[in-house]
Amino acid sequence: MNPEILKYQIGDIDTHLHTKHSCDSKMEPAAACRRAMELGLKALVFTEHVDFDPTDQGYGVYDDRAIESSLADCRVMAGRHLKIYKGVEITYQPQYRDQIEKFINSYKFDFVMGSVHMVGTDDVSWPELAKKYFGRMEEEQAYGAYFQEALKLADSRLFDCLGHLDLCKKYGFKHYGAMSWQKYQKPIKKILERAVQRDLMVEINTSGLRHDPQESYPGLPAVMEYLKMGGARLTLGSDAHQAEHIAHGFTDILTKIPELKGLNKK
Ligand SMILES: [Zn+2]
Ligand SMILES: [Zn+2]
């Protein structure tokens with residue numbers, strides 16, 4: 001990770017967004033920058049998708065040269081008003097570990113985020129495909145398997161940041177209702193402990209506030225637990241796919257957990 005990213009106060013930087021360089025967004029990078037400047041953010045990290053499963057709709061889409069060129073234009077436009085970093089969001093699947101490692105070493109990134117979107121061959125991040133996964137099993141099994149993948153991600157030592165720790169609740173919500181912290185605190189705490197041990201940053205992804213669960217990924221009890229463990233590497237990511245979602249929900253989270261503001265991320 002570019003050490004500069006650790007120096008921003010939480011909320012001054014949005015470390016998760018997708019533009020037209022990702023398969024699921026049409027946002028112009030310049031539009032993201034304009035919005036960030038309007039909001040008074042100090043920095044943005046562009047995290048386009050990279051997927052290694054050939055069945056994934058994002059497979060083969062990543063175009064490093066096009067991204068570099070867009071970000072260079074953005075830096076000219078933003079000048080000193082907004083710092084722009086090049087990150088990436090990689091779908092972690094243990095079976096592609098070697099390819100992922102090679103990919104990370106092939107390009108220059110300021111920030112490498114790993115996220116679980118797939119459990120085995122099931123995509124849990126895409127509505128129609130998620131329905132197949134959640135529709136055929138009980139909640140405990142579905143969420144348990146997701147958290148196992150997230151734990152493997154934390155143990156992989158490939159990433160700077162763990163994206164949306166409990167994204168499984170995004171579409172799981174439709175099948176099982178709200179995720180209970182009581183019920184899943186054990187696997188979630190295990191992942192957070194591992195993150196603390198490995199200096200792996202944990203993202204508070206605010207897109208969940210715009211989705212059915214109406215809470216961040218992970219939820220606030222998990223964030224409080226992480227702070228209690230002495231963890232300090234937290235970041236806010238909006239997962240914006242359109243400009244109006246940049247930094248969405250940041251004020252809400254910072255109001256609910258004011259101690260985040262004084263966090264020293266070293
Ligand atoms: Zn994601
Ligand atoms: Zn994302």
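Give, as a single signed number, the net charge of other residues whose beta carbon lies under 11 Å from the beta carbon of LEU82, with Lys and Arg counted +1 and Asp and Glu -1. Show your work: numbers first, answer last.
On the way: positive: ARG34, ARG35, LYS42, ARG75, ARG80, LYS83; negative: ASP12, ASP14, GLU38.
Charge balance near LEU82 sits at +3.
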Distance between modelled label sites at LEU39 and ALA178, nm, 7 Å Cα→Cβ extension: 2.5 nm
Spatially proximal lysines relative to LYS228 (Cα-Cα < 27 Å; intrachain offsets below 8 disregarded): LYS7, LYS152, LYS169, LYS170, LYS183, LYS186, LYS189, LYS190, LYS256, LYS261, LYS265, LYS266
Label-point gap, in nm, between GLN141 and TYR59 - each point 7 angstrom along Cα→Cβ: 2.6 nm
Bins of 10 Å, starting at 0 and running to the largest distance - Cα pair percent for region 127-170: 25, 49, 23, 3
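What is the local net charge at GLU128, summed over the other residues whose Cβ is closer than 13 Å to its Cβ (Lys, Arg +1; Asp, Glu -1)?
Working: positive: LYS131, LYS132, LYS174; negative: ASP122, ASP123.
With Lys, Arg at +1 and Asp, Glu at -1, the net is +1.
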DSSP-assigned coil residues among GluC sites (Glu not before Pro) in region 120-206, each with at most 15 further Cβ atoms within 10 Å: GLU138
Span-like helix ranges in the chain, DSSP H, alpha carbon extent 15 angstrom or more, Kyte mean at least -0.5: 29-39, 64-78
FRET efficiency, SER69 to ASP98 (Cβ-Cβ, R0 30 Å, nearest 0.05): 0.55
Rounded if a/c under 1.5, otherwise prolate or oblate - region 1-81, Cα gyration tensor axes: prolate
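Extension gain GLN185-GLN9, at 0.36 nm per residue separation less the Cα-Cα distance, in nm? Could you put the intermediate results ahead of the total?
Details: separation 176, 0.36 × 176 = 63.36 nm, distance 2.75 nm.
That pair, GLN185 and GLN9, stretches by 60.6 nm at full extension.
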Whole-Hz couplings from phi, Karplus 6.51/-1.76/1.60, listed for region 108-125; x for Gly and Pro: 9, 10, 7, 7, 10, 9, x, 9, 9, 10, 10, 10, x, 9, 9, 8, 9, 10
Placed amide H near GLY11: partners under 5 Å, 5+ positions off or other chain: LEU236
Interchain or long-range residues, amide H under 5 Å from ASP122's placed H: none
Surrounding net charge for GLN9, when Lys and Arg each add one and Asp and Glu each subtract one, Cβ distance under 10 Å: +3
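By its C-alpha gyration tensor, with a ≥ b ≥ c as the square roots of the eigenvalues, how is region 153-224 shaped: rounded for a/c under 1.5, else prolate for a/b larger than b/c, else oblate? Don't skip to the answer; put the middle values down first.
Working: a/c = 2.13, a/b = 1.68, b/c = 1.27.
Because a/c hits 1.5 or more and a/b exceeds b/c, region 153-224 counts as prolate.
Report, in deg cm²/dmol and to the nearest 500, the calculated mean residue ellipticity at 222 nm for the chain, where each DSSP H run with n ≥ 4 adds -39500 (n - 2.57) and the sum is divided by the residue count. Numbers along the way, then the final one.
On the way: 10 runs with 108 residues, N = 266.
Using -39500 (n - 2.57) per qualifying helix, the result is -12000 deg cm²/dmol.
Looking only at Cα atoms, what is the convex hull volume of the chain per residue, in Å³?
Details: hull volume 30.1 nm³, N = 266.
Enclosed volume per residue, from the Cα hull, is 113 Å³.
The numbers here are math on the coordinates, done by the rules we state, and not lab data. Bear in mind the structure is a predicted one, so any value in this text is a computation, not a measurement. A quick note on method: Cβ atoms are made from the backbone with ideal geometry, for glycine too, and the neighbour counts reach across all protein chains shown.
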